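Before any comments, here is the structure.
No lab work stands behind these numbers, since they all come straight from the coordinates. As the structure is a prediction and not an experimental result, all values here were calculated from the model. Heads up, the Cβs are rebuilt from the backbone with ideal geometry, glycines too, and the neighbour counts pull from every protein chain shown.
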Amino acid sequence: TPTEKLTYEVEWRLIRAGTAVVESQKSHTQLKLESAGMVSALFKVNDTYSVSYEDPFCATGSLMDSLEGRRHRETKVTFDRSRNHATFLERDVIKNTVIRTNEIDVPNCVHEVVGALLELRAIPI
């Protein structure tokens, strides 16, 4: 069960475009984006972004499963905190091919975009 669940209505030029749902737990967050209505008829979007954390919101891995139009991509980032290293893998799920891979050095604690927002919310003002 989520510790927190936020649901947003997404608009594009004053037209309902879909929904964004963020479900957060202490060590995991999932963001779901889904198109709706006329926008969905033109270009269907069904994306799921998941990220796992160690305290304090230091990312250990993320997975983006993107179903956009006729495309189905999977993007995986793994953060190795013991080696200060990250690996990136993007795949075309339909063709079962690797599109791109990369490895880089990173700081010991990396905040990806959702974790960074959660970390900002935790700062007392």
| request: Identify the trypsin sites (Lys or Arg not before Pro) of the stretch 69-125 meeting these criteria: DSSP loop state and at most 15 other C-beta atoms within 10 Å of the C-beta. | output: ARG70, ARG83, LYS95
| Which of the lysines could be linked to LYS5 by a straight reach, that is with a Cα gap under 17 Å, when you skip same-chain ones fewer than 8 residues away? | LYS26, LYS32
| query | What span do the alpha-carbon atoms of the chain cover on each of the three principal axes, reported in whole Å from largest to smallest? | reply | 46, 44, 27
